[in-house]
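Take a look at the structure set out below.
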Amino acid sequence: MLYIYSIIFGIVQGITEFLPVSSSGHLVILHNILNFNFEQNLAFDVALHLGTGFALIIYFWQDLKKYFIVFFKFIFKEKVEKAEIDLVFKLIVATMPAVIIGIFLENIIDNALRSVWIVISMLIAISIVFFVVEKYSKRNKQIQELSWGQAILIGFSQALALVPGVSRSGITISAGMVSKLKRAESARFAFLLGIPIILGAGFYKIFKLDFTEFDSELTWIFYIGFISSFITGYLVIRFLMRFLTKHKLNIFAWYRIGLAVILIIYFVVR
């Protein structure tokens, strides 16, 4: 049964990490509903996040390779396009808010904020953000046209996603749209920005684990969750990048509100 749960959690993680519906929020809810709780809950969630992190690397490999080459050319004082090296440093700087806040508020994020009622509140609140952004934002920019201030704004919005129920992709795409990025371009910047955060948080927590507590069954549970989240995540990224060229975030807002209502009824009645 644990292996089946691991596949279910991996699929849910792969879908919800990139669709703007909050992966951490869905994982908190699933742990509560399925009662899939054991001492390594957070470590298991890390394995799922690493799966989706590697899915991002594979999908955006050409972009990442290009930016790494530009960065090292700049370091070794070779000629590079100003717009390209500026974008590299904007991505680096925009990553910092989530890193700093995540380190200093780690215990609060991992414990006090992992509440179904916080998740429900954020599901509704960020849905309202989606509606407002879709209605009022003017979207005509490519990511190379982002100003430093706009890049930093998106970086701070990513830090809000540390609260379960917010959605990293949802809040950063919204911030990108507020910064006048086209919807698909905003998603591209958001996903590139998420790579170091997702992988960094995962590896940071892995190094803190006591692997002597891991038996072979637990290790297999982690592997299965990682693989299922990786495969699902890659397919969802492909879908979402195409979907956002022509469609609004509103459908995800309605899903979040509907889920919040169902959860309120479920946890009140239970």
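The values are calculated or read from the model by the stated rules, or taken from the named source; none is laboratory data. Keep in mind it's a predicted model, so treat the numbers as computed, not measured. We place every Cβ from the backbone using ideal geometry, glycine too, and count neighbours over all the protein chains shown.
Every residue, every condition in (1) touching a strand residue (DSSP E or B) at 6+ places or on another chain (Cβ under 7 Å); (2) surrounded by 17 or more Cβ atoms within 10 Å (Cβ to Cβ); (3) of a type outside the set (A, V, I, L, M), yes or no:
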{"residue": "Val70", "(1), (2), (3)": "no, yes, no"}
{"residue": "Ala125", "(1), (2), (3)": "no, no, no"}
{"residue": "Tyr136", "(1), (2), (3)": "no, no, yes"}
{"residue": "Gln142", "(1), (2), (3)": "no, no, yes"}
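So which of Gln62, Gln142 ends up being more than 30 Å from Ile264 (Cβ to Cβ) and in contact (Cβ under 8 Å) with a residue 12 or more places away in the chain? Can you show your working first?
On the way: Gln62 fails: in contact (Cβ under 8 Å) with a residue 12 or more places away in the chain.
Going through Gln62, Gln142 in turn, the sole match is Gln142.
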Write out, first by first residue and then by second, each pair whose Cβ atoms fall under 7 Å of each other, whose residues are 6+ apart or on separate chains, and whose first residue, in segment 1-22, is under 19 Å from Ile118 (Cβ atoms) and touching a residue at least 60 places away in the same chain (Cβ under 8 Å) while the second is among the aromatic types (Phe, Trp, Tyr) and part of a helix (DSSP H, G or I). Pro20/Phe252; Val21/Phe252; Val21/Tyr255
Output the qualifying pairs, or none if there are none: Cβ atoms under 7 angstrom, residues six or more apart or on different chains, first residue in segment 23-38 and modelled with pLDDT under 70, second residue part of a helix (DSSP H, G or I) and not acidic (Asp, Glu). Phe36/Tyr5; Phe36/Leu30; Asn37/His31
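Identify, please: which residue in segment 1-22 is of a type in the set (A, V, I, L, M, F, W, C), over 22 Å from Leu160 (Cα atoms) and assigned to a helix (DSSP H, G or I) and is, among those, modelled with the lowest pLDDT? Walk me through it before giving the result.
First pass over segment 1-22, keeping only residues of a type in the set (A, V, I, L, M, F, W, C): 1-2, 4, 7-9, 11-12, 15, 18-19, 21.
Okay, now just the ones that are also over 22 Å from Leu160 (Cα atoms), so 1-2, 4, 7-9, 11.
Checking the rest, the ones that are also assigned to a helix (DSSP H, G or I) come to 2, 4, 7-9, 11.
Values: Leu2: 71, Ile4: 84, Ile7: 89, Ile8: 87, Phe9: 83, Ile11: 93.
Across segment 1-22, the extreme among qualifying residues is Leu2.
For segment 152-170, how many residues are in a helix (DSSP H, G or I), of a type outside the set (Lys, Arg), surrounded by 24 or more Cβ atoms within 10 Å (Cβ to Cβ) and in contact (Cβ under 8 Å) with a residue 60 or more places away in the chain? Walk me through how you get there before you give the answer.
At the first step, the residues of segment 152-170 found to be in a helix (DSSP H, G or I) are 152-160, 168-170.
Filter once more, keeping what is of a type outside the set (Lys, Arg): 152-160, 169-170.
Pick out the ones that are also surrounded by 24 or more Cβ atoms within 10 Å (Cβ to Cβ) and you get 154, 157-158, 169-170.
If we keep only those that are in contact (Cβ under 8 Å) with a residue 60 or more places away in the chain as well, we get 154, 158, 169-170.
The number of residues fulfilling the criteria is 4.
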Of the conditions (1) closer than 24 Å to Phe252 by Cβ; (2) part of a helix (DSSP H, G or I), Arg114 satisfies every one except a single condition; which number is it? (2)
